[in-house]
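I have placed the structure first, in the form of structure tokens, so that the comments after it can refer back to it.
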Amino acid sequence: MKVAEKIRNKKNNKSNEKRVIIEVIVLSGCSQCIPAAEMAYRVASQYNNVDVTLVNVTTPEGELKAKSLGITTVPAIAINGKLTFIGNIQADMIMHDAVRKAM
């Protein structure tokens, strides 16, 4: 296989990576929600296929999301629709591991 073909195949593999959605469920005025959101954005910036969405529980959509996931406290983080963390995460690596498992 030629070098150009290897590079092309590597690029094609990246475009076929599974999309990962990190949803940070927050409440306006929550002091712990800001660091949780910052961590999610920091982790997502390391990957081409990871997006972050902030979901405020005071909106109808946020209330529905919180109820569907059984969330009673914030911050909470769902990855690909599955509740993954409740409360503050102590280290970026913990979230990195969860994101990699979701890929």
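Values quoted throughout were computed directly from the atomic coordinates according to the rules given, and no laboratory measurement underlies them. None of these values were measured; they are calculated from a predicted model.
Expected output is a single nm value to one decimal: the length gained when fully extending between HIS96 and GLU38, i.e. 0.36 nm times separation in residues minus the C-alpha distance. What is it?
Net length gain for the segment: 19.5 nm.
Stretch ASN88-MET103 to full length: gain in nm at 0.36 nm per residue minus the Cα-Cα span?
3.2 nm
Just to check I understand the Karplus step: with θ = phi - 60° and J = 6.51 cos²θ - 1.76 cosθ + 1.60, what whole-Hz values come out for the stretch 22-29, glycine and proline as x?
These are the phi-based 3J(HN,Hα) values: 9, 10, 9, 8, 10, 9, 4, x Hz.
When only alpha-carbon atoms are used, what values of Rg and Dmax, in angstrom, describe the stretch 19-102?
According to the Cα coordinates of the stretch 19-102, Rg and Dmax are 11.6, 32 Å.
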